[in-house]
Structure formats: C-alpha cells, structure tokens
Amino acid sequence: MDRLAPGDRQAGAPDRPLLACLTCDTLHYEPDVPMNHVATCRRCGRVLAAPRDNAFARVLALALTSTILMIGAVFFPFIDLSVAGLQNRTSVLDAALAFSTGMMVPLSVAVALLIVLIPVTRLGAIIYTLLPLVRGCAPWPHAPLAFRLAERLRPWSMAEIFVVGVAVALVKVGGLATLSIGPAFWAFAGLVLVTVLHDNAMCRYTIWKSLETPSR
Amino acid sequence: MEIPGNAEPLTTARRAGMLACTRCGLVHASGPARCGRCDAPLDPRGRKSLQAVWAWLLAGVVVYIPANIYPMLRTATLLEQSESTIVGGAIDLLEHGSYGVAAIVFIASVLIPVGKFIAIAYLALSLNRPGALSIHQRHLLYEMVEFIGRWSMIDVFVVAILSALVQLGSVAIINPGIAAVSFALSVAFTMLSAQSLDPRLIWDADEEPA
C-alpha cells in the first residue's frame, strides 16, 4: 500500500501513523483524542479532530431532518404578495425560474443548483456515507467518493445565503405591498439552522478513519 | 488539547519528503498520483495551482465590468419604466433615505468583490516574499476571502426573488437585467480562484530553509 508505514519518518520515532494538517501541511502523529475534546494544529490552529459521542447518529439525524425540510421548502408556497387587489404567490422554484427567459436561462439553472440541487446532493451523499456506519456495518461501495463529493460541494451549497437574500428582498418590497410569508419560508429558515448544527457536529477526521478501516 | 508525542519541532510533510492529501489529510510516501483513502488527486504544490488562481481571478475581474455597466433590474410600473445598475440601485436607495439598506447593497456588491480581487492578488503575489502582513495575518485574510466570497451571491438571489415576486400585471413588474448573469459569473470565478490557491503555499514561506 502507499500508506506510510509508521516509523518511516525518522529513526526511533514512535510507532504511530501520521496526519498532515490540511491547511499548512504540518505533520502530526495521529491523535488519539478523547470524546468531546478538540485537537488543533500546532502551527495554524486548524481543527484536526473533534470526536463527539454519537456523532454519526447525530449528523445522520440532522441530515435526514434537512432533507425533509428541503422537500417542504421546495413544494409549499414561499411568499404571498398582494397590492391593490392583485396577488402573486411565489415558490422557491419560481425564484429559480425567474431568469428563464432568453439569454438568462443558464442563470436559472445555476440558481436552482445553488439553492436546491447542490444542497440535496450533498445531503444525499452524507446520508449514503453515514447510514451503514451508524448501523455498524461496513461502508457501502464508493462511500469515500460520496463523502469527498459532499465536502467538495460545501462552499457551493448556498441555501443560507438565499434566506438572507429573501430578507433583503422583503425589506425592498415591504413598503409597496402586503406580504405574507408561507410555510416554505420557515422550512427554509429551519433548514439553515439545522445545516449549521450539522456541519459543526461533523468530525471529518473520524469519518475518514471509519471509512478506511474495513479495506484492510 | 495537546496530542501526546507531538512535542518535537514542527515539520511539514513536504520537508519530510512525503505528500499529504489535501482532502482527507492522509500522508503518503511520494509517488502515488491519487490518495489511497479518498481517491482525490494528490497535488505536490506546484506552480500549476498559481496559474489557475490567476486565470480564474482575471476571468472574475473581466466579467465584473459588464456587471457594473449593464442594468441589474428592470422595473416597469404604471407611471414609468426604469433600469438600474448595481451602483445606481444603491444611489436610488440613498436618495429615498434608506441609508442602511443602501450601505448593505454597496458593501455586498462593490466593496466585497473588489476587496476580494485585491486580497487574492496580494496573497498570490506575496507568496515566499516578506510583506506587510505576517503569515498568520495572511492566513486569516485567506480564510476571510473563502468565507465571505460565497456571500456576494446574495445580490443575484435578491434579483431572482424580486423578479419572481413582483409580477403584478400593469401595476408593477420587475425583470432581471443581463448584469445579473455577469455578476453571478464573477462571484463564481472568484470563488474558484480562491479555492485554487493552495493554503500550504502561504505557509511554505514560514518554513526555515533546510
């Protein structure tokens, strides 16, 4: 295997595998961190490992919650606008389709990707990675690929930015018309909260470790 | 917490002749092209990553120009029809007395994008060079660029929501302008530029010569 044999680093080094900080490349011995403690890089301070009790089950539960909220957010009405007897009801999909005329079709696709499709793909990949681990089975095939995808998509999943965008838009139209907020808005706001909890509960180091063990 | 056994002086994987995966942190002896654990391509930090940084950054700056020239929103009401650019929209808000919202729009769509261009260019130029900022400050700047970069997309979302919401026949209609497309592209390109910048390059300058 390409995996570095413990002790390769220098003669007389303790027999422990190594871990490099993702930010500054500093080598550390693989930490044996007790539950609910955090190990950080000695040079740049990046969190290396932060295992928690029941972390997998917790992250999985939050990912499932997010999926359910996302379904609600997409299909329920989002905002009602009424002024002078005219009414318009908007859903999240309408917001994505706002650019669907002429040259702006690609932007419509991009908005749909950023606020719905990428978050959903990411949740699916996380559930796929963690479900077998929570049940105590061996990871499903290509789980490392799925988890790498989820990590890769993280900056592009912009549901929370969309929610703040909605707030700004409400301020802009608020003076002109009567607005009522539909259930989908609250589902989306809940989704943002759950996503933050879920990203914080996830210890990437522990997940990578559990994904590698069964293959050897 | 301190990891026991890590009390000795700091060494990097590169210095030790090894290659670390940038996705999962697994350390490899030099050689394999892909990580043995997560299958990500292993990148011995070369100048290749810097080329990508400059290419994306340049693309971001170029599309940021039409984003400011062309209209972002086209509003049609009973009485008038108007088009507003990014800066024009902020000035309109100022004239209506909404200083707070005007400031938010101006910061999110002018100050942050321009600041990002400058910050990424500074980080890429100052690699391996002593500069006004220490390594830790540069690292902080890098993290800020990565964190704030995505939030510029807010303007595009506001335009999308407004155009979907305000479709009231003859009373008021808001349609998106072509600047929304170039602005979204500019944000995406700068995000890609920041992601291509390998943070390990920033820290390499900190290493004492072997």
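The values are calculated or read from the model by the stated rules, or taken from the named source; none is laboratory data. Since we're looking at a predicted model, the values are computed, not measured. In this analysis, Cβ positions are derived from the backbone assuming ideal geometry, glycine residues included, and neighbour counts consider all displayed protein chains. Areas reflect the complete protein model, heavy atoms only, side chains present, ligands, DNA and RNA absent. Shrake-Rupley method; radii C 1.70, N 1.55, O 1.52, S 1.80 Å.
Taking the condition at the interface with another protein chain (Cβ under 10 Å from one of its Cβ atoms), touching a Ser or Thr at 6+ places or on another chain (Cβ under 6 Å) and open to solvent by 50 Å² or more (accessible area, probe 1.4 Å), does B:L10 pass?
Values: at the interface with another protein chain (Cβ under 10 Å from one of its Cβ atoms): yes; touching a Ser or Thr at 6+ places or on another chain (Cβ under 6 Å): yes; open to solvent by 50 Å² or more (accessible area, probe 1.4 Å): yes.
Considered against the rule, which asks whether it is at the interface with another protein chain (Cβ under 10 Å from one of its Cβ atoms), touching a Ser or Thr at 6+ places or on another chain (Cβ under 6 Å) and open to solvent by 50 Å² or more (accessible area, probe 1.4 Å), B:L10 comes out as yes.
Answer yes or no: is there a residue in region B:150-161 that is among the β-branched types (V, I, T), in contact with a strand residue (DSSP E or B) (Cβ under 6 Å, 6 or more places away or on another chain) and modelled with pLDDT under 85. Checking region B:150-161: not a single residue is among the β-branched types (V, I, T), in contact with a strand residue (DSSP E or B) (Cβ under 6 Å, 6 or more places away or on another chain) and modelled with pLDDT under 85. The single condition among (1) open to solvent by less than 10 Å² (accessible area, probe 1.4 Å); (2) of a type in the set (A, V, I, L, M, F, W, C); (3) farther than 23 Å from A:V168 by Cβ that B:I135 does not satisfy is (1). A single member of A:V168, A:V109, A:V164 is without any contact (Cβ under 8 Å) to a residue 24 or more places away in the chain, within 20 Å of B:F189 (Cα to Cα) and out of contact with any Asp or Glu (no Cβ under 6 Å at 6 or more places or on another chain), and it is A:V109. Does region B:153-171 contain at least one residue that is more than 8 Å from chain A (Cβ to nearest Cβ), assigned to a helix (DSSP H, G or I), of a type in the set (F, W, Y) and within 21 Å of B:G60 (Cα to Cα)? Taking every residue of region B:153-171 in turn, none turns out to be more than 8 Å from chain A (Cβ to nearest Cβ), assigned to a helix (DSSP H, G or I), of a type in the set (F, W, Y) and within 21 Å of B:G60 (Cα to Cα).
Do you know which of the residues in region A:62-90 that are touching a Gly at 6+ places or on another chain (Cβ under 8 Å) and part of a loop (DSSP other than H, G, I, E, B) is surrounded by the most Cβ atoms within 10 Å (Cβ to Cβ)? Step by step, filter region A:62-90, then rank; the result is A:F78.
Within region B:63-85, which residues are surrounded by 14 or more Cβ atoms within 10 Å (Cβ to Cβ) and out of contact with any strand residue (DSSP E or B) (no Cβ under 7 Å at 6 or more places or on another chain)?
In the first step, residues of region B:63-85 are kept if they are surrounded by 14 or more Cβ atoms within 10 Å (Cβ to Cβ); the result is B:63-64, B:66-68, B:70-77, B:83-85.
Once the filter is applied, which keeps residues that are surrounded by 14 or more Cβ atoms within 10 Å (Cβ to Cβ) and out of contact with any strand residue (DSSP E or B) (no Cβ under 7 Å at 6 or more places or on another chain), region B:63-85 yields B:V63, B:Y64, B:P66, B:A67, B:N68, B:Y70, B:T85.
Closer than 30 Å to B:G89 by Cβ, in a helix (DSSP H, G or I) and in contact with an Asp or Glu (Cβ under 9 Å, 6 or more places away or on another chain) - does that describe any residue in region A:130-147? No: region A:130-147 contains no residue that is closer than 30 Å to B:G89 by Cβ, in a helix (DSSP H, G or I) and in contact with an Asp or Glu (Cβ under 9 Å, 6 or more places away or on another chain). Against the numbered list (1) in contact (Cβ under 8 Å) with a residue 24 or more places away in the chain; (2) closer than 25 Å to A:L179 by Cβ; (3) more than 7 Å from chain A (Cβ to nearest Cβ), B:F106 comes up short only at (1). Taken together, the residues in region B:34-51 that are open to solvent by less than 70 Å² (accessible area, probe 1.4 Å), at pLDDT 75 or above and more than 8 Å from every other protein chain (Cβ to nearest Cβ) amount to 4.
Inspect region B:90-105 for any residue being of a type in the set (F, W, Y) and within 18 Å of the chain's Cα centre (by Cα) and give the result as yes or no. First the steps, then the outcome.
In the first step, residues of region B:90-105 are kept if they are of a type in the set (F, W, Y); the result is B:99.
Among the residues that remain, those that are also within 18 Å of the chain's Cα centre (by Cα) are: none.
Within region B:90-105, not a single residue is of a type in the set (F, W, Y) and within 18 Å of the chain's Cα centre (by Cα).
Picking from A:V109, A:V105, which residue would you name as being more than 26 Å from the chain's Cα centre (by Cα), at pLDDT 80 or above and either more than 9 Å from every other protein chain (Cβ to nearest Cβ) or open to solvent by less than 30 Å² (accessible area, probe 1.4 Å) (or both)?
Values: A:V109 fails: more than 26 Å from the chain's Cα centre (by Cα).
Result of the check over A:V109, A:V105: A:V105.
Residues are listed down the side, and each one gets a yes or a no for (1) farther than 30 Å from B:I69 by Cβ; (2) within 11 Å of chain A (Cβ to nearest Cβ); (3) touching a strand residue (DSSP E or B) at 6+ places or on another chain (Cβ under 9 Å):
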site: B:L125; (1), (2), (3): no, no, no
site: B:L133; (1), (2), (3): yes, no, no
site: B:Y142; (1), (2), (3): yes, yes, no
site: B:F189; (1), (2), (3): no, no, no
site: B:Q195; (1), (2), (3): no, yes, no
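Among the residues of region B:163-187, the one identified as open to solvent by 20 Å² or more (accessible area, probe 1.4 Å) and under 23 Å from B:A119 (Cα atoms) is B:L185.
Taking A:L130, is it open to solvent by 70 Å² or more (accessible area, probe 1.4 Å) and either closer than 19 Å to A:A169 by Cβ or assigned by TED's automatic domain parsing to the domain that holds A:H198 (or both)?
Values: open to solvent by 70 Å² or more (accessible area, probe 1.4 Å): no; either closer than 19 Å to A:A169 by Cβ or assigned by TED's automatic domain parsing to the domain that holds A:H198 (or both): yes.
Considered against the rule, which asks whether it is open to solvent by 70 Å² or more (accessible area, probe 1.4 Å) and either closer than 19 Å to A:A169 by Cβ or assigned by TED's automatic domain parsing to the domain that holds A:H198 (or both), A:L130 comes out as no.
Check A:I181 against each of (1) in contact with a strand residue (DSSP E or B) (Cβ under 9 Å, 6 or more places away or on another chain); (2) within 11 Å of another protein chain (Cβ to nearest Cβ); (3) surrounded by fewer than 17 Cβ atoms within 10 Å (Cβ to Cβ) and name the one condition it does not meet. Among (1) in contact with a strand residue (DSSP E or B) (Cβ under 9 Å, 6 or more places away or on another chain); (2) within 11 Å of another protein chain (Cβ to nearest Cβ); (3) surrounded by fewer than 17 Cβ atoms within 10 Å (Cβ to Cβ), A:I181 violates only (2).
Among all residues of region A:19-30, there is none that is in a helix (DSSP H, G or I) and within 22 Å of the chain's Cα centre (by Cα).
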